[in-house]
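Peer 1: One structure, as structure tokens, below. Some questions next.
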Amino acid sequence: MKITEMLKNNRQMLSFEVFPPKTETSFQSVSQAALEVAALNPDFISITYGAGGGTSRYTIQLASEIRKATGVEPLAHLTCVSSTHETVARQIQLIHDAGIENVMALRGDIPEGGEAGTYHHASELIRELRASGYDFCIGGACYPEVHPESCDQKADIAGLKMKADAGCDFLTTQMFFDNHLLFNFLYKIREAGITIPVFPGIMPITSRRQVQQVMRLSNASLPQRFKSLMDRYGDSEAAMCQAGIIYATDQIIDLFANGIQVVHVYTMNKPHVAAAIQKNLTGIVGMPV
Ligand SMILES: Cc1cc2nc3c(=O)[nH]c(=O)nc-3n(C[C@H](O)[C@H](O)[C@H](O)COP(=O)(O)OP(=O)(O)OC[C@H]3O[C@@H](n4cnc5c(N)ncnc54)[C@H](O)[C@@H]3O)c2cc1C
């Protein structure tokens, strides 16, 4: 089922994200954790794709297994930065042949010290997905705290508008830790004429090590409230995990309370974190928007 169809039920929804294995040898263990996340029965589940080709082989395979084993609708990620038109066309065909209807169209990070090849922006991939003739539901990425390649938010939103105009059905945000950033971003993109649904992306931070990773990868800023929590609980694995789950839950409830229909949780392959957040949202997910 297409995500755009699911939105018509006008209910508050939760999506989770998992990553595929990098190698054949890790397939079993990594897939098992991803399947456990899917078994929690989120409204849909996204499966990431390695921009450099690393994990790309397994995205479609894992998406198909998840649907077969759990019935949860997959959203398969696809990047284009290190691809040719031929490899992209082959992936599009494989996605269609696997019966996957939802595709997250991404450019991927330009390799360090390198430059973009055939593809420069996700909008080019979106146009190719549209031109394929297969009736995909297509998502794109957006950045409440500005993509690092944009000089300012105005330029970033201008790029985002081109992506929306290329045929994107919805947008999922980069993680953020202060909901005001999201509300401010939504105001600005609506003003710029971007009207498609936006799914805020929330990352539960459950260890100090994870914070360093997140800072490196996402450009997200940490509010003082979160820093205090990390200072106090960062040395205790159990306390930090619990505090991070509650912090993320609090963000999610506030988003739903302010009219957001779908919240995307960067659960990665951590079933216990996904389960704890879902439990905290019992009675909230599924409510009318
Ligand atoms: C929700 C989400 C999921 C992700 N999943 C993955 C994944 O599975 N695998 C992975 O490798 N990476 C993933 N990423 C990371 C993403 O690939 C990187 O952030 C990448 O650097 C940008 O990808 P994009 O699709 O946003 O690119 P683009 O949409 O091309 O945007 C990149 C920059 O170019 C600007 N821009 C966009 N279109 C135009 C245009 N037509 N003309 C001029 N400027 C333009 C934008 O404003 C932005 O500054 C994900 C990111 C998010 C937020």
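The values are calculated or read from the model by the stated rules, or taken from the named source; none is laboratory data. Note that this is a predicted model, so its numbers are computed, not measured. Note that we place each Cβ from the backbone using ideal geometry, even for glycine, and neighbour counts take in every protein chain shown. The protein model used for the area step is the full one, side chains on, heavy atoms only, and it has no ligands, DNA or RNA in it. Shrake-Rupley method; radii C 1.70, N 1.55, O 1.52, S 1.80 Å.
Peer 1: Once phi is turned into θ = phi - 60°, what whole-Hz ³J(HN,Hα) does the Karplus curve with 6.51, -1.76 and 1.60 give for every residue of the range 22-38, x standing for Gly and Pro?
Peer 2: Result, rounded to whole Hz: 8, 9, 4, 5, 8, 3, 4, 5, 5, 5, 4, 5, 5, 5, 5, 5, 5.
Peer 1: Relative to the Cα centre, what is the charge dipole magnitude of the range 3-280, using +1 at the beta carbon of each Lys and Arg, -1 at the beta carbon of each Asp and Glu, and rounding to the nearest 20 debye?
Peer 2: It works out to roughly 360 debye.
Peer 1: Now a separate question. Just to confirm, what accessible area per residue do you get for the range 172-232 at 1.4 Å probe, in whole Å²?
Peer 2: Per residue, the range 172-232 has 51 Å² of solvent-accessible surface.
Peer 1: If you don't mind, there's one more thing I want to ask. Count the net charge of all other residues whose Cβ sits under 12 Å from the Cβ of TYR233, scoring Lys and Arg as +1 and Asp and Glu as -1.
Peer 2: Summing Lys and Arg as +1 and Asp and Glu as -1 gives 0.
Peer 1: So if each residue of separation counts as 0.36 nm, and I subtract the Cα-Cα distance between ASN9 and LYS68, what length gain in nm does that give?
Peer 2: 18.9 nm
Peer 1: What do you get for GluC sites (Glu not before Pro) in the range 73-137 restricted to DSSP loop and a cutoff of at most 16 other Cβ within 10 Å of the site's Cβ?
Peer 2: Answer in residue order: GLU112, GLU115.
Peer 1: Suppose we keep just the DSSP beta bridges with both residues in the chain; what percent of those would be antiparallel, to 5?
Peer 2: In the chain, DSSP labels about 5 percent of beta bridges as antiparallel.
Peer 1: Quick one: grab the alpha carbon gyration tensor of the chain, order the square roots of its eigenvalues as a ≥ b ≥ c, and give me rounded if a/c is under 1.5, else prolate or oblate depending on whether a/b is larger than b/c.
Peer 2: Rounded.
Peer 1: Further, regarding this structure: What whole-number distance in Å separates the alpha-carbon centres of the range 63-97 and the range 151-192?
Peer 2: 25
Peer 1: Please compute the net charge surrounding SER46, taking Lys and Arg as +1 and Asp and Glu as -1 over other residues with Cβ under 12 Å from its Cβ.
Peer 2: Here the count lands on -3.
Peer 1: Let me ask something else about it. Tally Lys and Arg at +1 and Asp and Glu at -1 over the other residues with C-beta under 13 Å from the C-beta of MET162: what net charge comes out?
Peer 2: Value of the local net charge: +1.
Peer 1: Obtain the nm distance between the two label points defined at LYS227 and GLN213 by a simple spin-label model: each point lies 7 Å from its Cα along the Cα-to-C-beta direction.
Peer 2: Taking the simple label geometry, LYS227 and GLN213 are separated by 2.3 nm.
Peer 1: Also, quick follow-up: Averaging over all projection directions, find the projected area of the Cα convex hull of the range 178-233 and quote it in nm² with one decimal place.
Peer 2: 4.5
Peer 1: Taking 0.36 nm per residue of sequence separation and subtracting the Cα-Cα distance, how much length would be gained by fully extending the chain between ASN41 and MET1, in nm to one decimal?
Peer 2: 12.9 nm
Peer 1: Next up: Can you give me the long-range amide H partners of MET175? Hydrogens built in the peptide plane at 1.01 Å from N, cutoff under 5 Å, separation of 5 or more residues or another chain.
Peer 2: Under 5 Å from the amide H of MET175: no residue qualifies.
Peer 1: So how much accessible area does MET162 have, in Å² to the nearest 10, using a 1.4 Å probe?
Peer 2: 120
Peer 1: Under the rule of -39500 (n - 2.57) per DSSP H run of 4 or more residues, summed and divided by the residues of the chain, what mean residue ellipticity at 222 nm is obtained, to the nearest 500 deg cm²/dmol?
Peer 2: My calculation for the chain gives -14500 deg cm²/dmol from helical runs alone.
Peer 1: Shifting gears a bit: When ligands, DNA and RNA are left out and all protein chains stay put, how many square angstrom of accessible area per residue does the range 95-140 have with a 1.4 Å probe?
Peer 2: That works out to 47 Å² per residue.
Peer 1: Still on this structure: Considering the options PHE183, MET1, ALA131, tell which one lies farthest towards the positive end of the dipole of the chain, charges being +1 on Lys and Arg and -1 on Asp and Glu at the Cβ, about the Cα centre.
Peer 2: PHE183
Peer 1: Ignoring ligands, DNA and RNA, what percent of the accessible area of the chain is carbon or sulfur (1.4 Å)?
Peer 2: 53
Peer 1: Using the Karplus equation 6.51 cos²θ - 1.76 cosθ + 1.60 (θ = phi - 60°), what ³J(HN,Hα) coupling, rounded to whole Hz, does each residue of the range 61-70 give in order, writing x for Gly and Pro?
Peer 2: So the Karplus estimates, Gly and Pro as x, are 4, 5, 4, 5, 5, 4, 5, 5, 7, 10 Hz.
Peer 1: Among ILE253, PRO144, GLY50, whose Cα sits farthest toward the positive end of the charge dipole of the range 3-280 (+1 at Cβ of Lys/Arg, -1 at Cβ of Asp/Glu, about the Cα centre)?
Peer 2: With unit charges placed on the Cβ atoms, the residue in question is ILE253.
Peer 1: Right, next: Using the per-residue mean of other Cβ atoms lying within 10 Å as a proxy for protection, in what order, highest first, do the peptides 184-197, 247-260 fall?
Peer 2: 247-260, 184-197
Peer 1: From the Cα gyration tensor of the range 120-185, with a ≥ b ≥ c the square roots of its eigenvalues, which class applies: rounded if a/c is under 1.5, or else prolate if a/b is larger than b/c, or else oblate?
Peer 2: prolate
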